[in-house]
Amino acid sequence: MDNGLQIKKENVISLVENHELGDIIKPLVKDIHLFDSYIAGTTHLPDKSILESLKAGDVLTLQRENNKFDSNAIIILDSEKRKLGYVPERDNIVFARLMDAGKLLKAKVTKIEKKGSFTQISVGIYLVDF
């Protein structure tokens, strides 16, 4: 039985983000670009108007999801924690393993293309390292 203290990186960053210690740690945090992809499942959103507020450069949260259809599901959330869609199933296995190992990943919007009634949102996926 492991009784060791475990602190997730996202909690450590949020603890010091708005604190003077955050000014010391912030220069040590770097984003490592891993992969370019897109947000899957945007056509299934109940309120597609949230996609209209996105712009290139927006930082998005990646979060693992318990999903009966995909054991490696990673949900993509906007800054207000609203669901935008998923990392595509064909791309998510390595990212799911990294997140399950305690690594913090995020996405950044790189391009938004309107294709008729469909909006394709391209993202870069990054490992937050410090």
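Can you name the residue in region 98-120 that is without any contact (Cβ under 8 Å) to a residue 40 or more places away in the chain and among the charged types (D, E, K, R) and, of all such residues, is surrounded by the fewest Cβ atoms within 10 Å (Cβ to Cβ)?
Selected residue: Lys115.
List every residue pair whose Cβ atoms sit under 7 Å apart, with the two residues 6 or more apart in sequence or on different chains, where the first one lies in region 64-86 and is closer than 18 Å to Arg97 by Cβ and the second, anywhere, is surrounded by 11 or more Cβ atoms within 10 Å (Cβ to Cβ) and among the aromatic types (Phe, Trp, Tyr).
Short answer, once both residue conditions are applied: Ala73/Tyr86; Ile74/Tyr86; Ile74/Phe95; Ile75/Tyr86; Ile76/Tyr86.
Just for region 74-97: of the residues that are over 12 Å from the mean Cα position of the chain (by Cα) and surrounded by 15 or more Cβ atoms within 10 Å (Cβ to Cβ), which one is farthest from Pro46 (Cα to Cα)?
Asp91
The conditions are (1) hydrophobic (A, V, I, L, M, F, W, C); (2) surrounded by 14 or more Cβ atoms within 10 Å (Cβ to Cβ); (3) more than 15 Å from Asp58 (Cα to Cα); (4) without any contact (Cβ under 8 Å) to a residue 60 or more places away in the chain, and Val128 fails exactly one of them. Which is it?
All conditions pass for Val128, except number (4).
Does Ser79 satisfy the criteria of being modelled with pLDDT under 95 and within 19 Å of Lys114 (Cα to Cα)?
Considered against the rule, which asks whether it is modelled with pLDDT under 95 and within 19 Å of Lys114 (Cα to Cα), Ser79 comes out as no.
Anything in region 71-98 that is among the hydrophobic types (A, V, I, L, M, F, W, C) and touching a Gly at 6+ places or on another chain (Cβ under 7 Å)? List them, or say none.
Hit for region 71-98 is Ile76, nothing else.
Quick one: is Lys106 basic (Lys, Arg) and more than 9 Å from the chain's Cα centre (by Cα)?
For Lys106, the condition - basic (Lys, Arg) and more than 9 Å from the chain's Cα centre (by Cα) - is not met.
Taking only region 102-124 into account, find how many residues are small (Gly, Ala, Ser), out of contact with any His (no Cβ under 7 Å at 6 or more places or on another chain) and at pLDDT 95 or above.
So the answer is 2.
The values are calculated or read from the model by the stated rules, or taken from the named source; none is laboratory data. Keep in mind the model is a prediction, meaning the values are calculated, not measured. Glycine gets a Cβ as well: all are built from the backbone with ideal geometry, and neighbour counts include every protein chain shown.
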